[in-house]
Amino acid sequence: MFRRFMVSFSRFMYGRNGIDRMFSGLCIVYLALWLCEGIIGILTDWYTVYFVIRLLMLGLFGYMIFRFLSRNVDARRRENERYCNFVDRLFRKNRGGYGQSSGFGGFGSNGGYDQRGKKVYYTPEKPTRDRKNYKYVKCKSCGATLRLKRRKGTHTATCPRCKANVRVRSFF
């Protein structure tokens, strides 16, 4: 019964946008509005503000469903790309734009150089295949990602870029 439902749902969703990073962000905004609505509804008598927040939530929910079920995947991809670039700029992530290479040697929107003119290699997310043997630690002084052999206990390592000592704790 459940399997048949999942097959029919996946057939229905074929060619539709589905969940992306912008949908997740809209869900967070929706939950924040829901929390504000609850607090205002319980603690105050501001019925107008309560009603406006309720209308915003209804509109946001409608837009989320529209994006989720949309068949115009190219337009939704462009919206998601603009949203990702905005959020990355907002939180100052040192990555390239949405869909750009950000692996070793991959250069983001700044041409591969930081503000001081030094060449920067963007490291990928922590590789899962090396987690058993290596630990990834950021240097506190220069921000470089260090790949260190896993050893039990507390020890120090020297950053090859700035020569600062980095304290590393490992439980296994």
State whether the residues of segment 74-84 include one that is surrounded by fewer than 12 Cβ atoms within 10 Å (Cβ to Cβ), part of a helix (DSSP H, G or I) and free of Cβ contacts under 8 Å to residues at least 12 places away in the same chain.
yes
Regarding segment 153-168, can at least one residue be identified that is part of a loop (DSSP other than H, G, I, E, B) and at pLDDT below 85?
no
Take G41 and decide whether it is outside any helix (DSSP H, G or I), modelled with pLDDT under 90 and farther than 22 Å from F91 by Cβ.
no
Residues of segment 20-36 that turn out to be in contact (Cβ under 8 Å) with a residue 24 or more places away in the chain and within 19 Å of D88 (Cβ to Cβ), as a count:
8
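The values are calculated or read from the model by the stated rules, or taken from the named source; none is laboratory data. Here the structure is a predicted model, which means the values were calculated and not measured. Don't worry about glycine lacking a Cβ; one is built from the backbone with ideal geometry, like all the others, and counts go over all protein chains shown.
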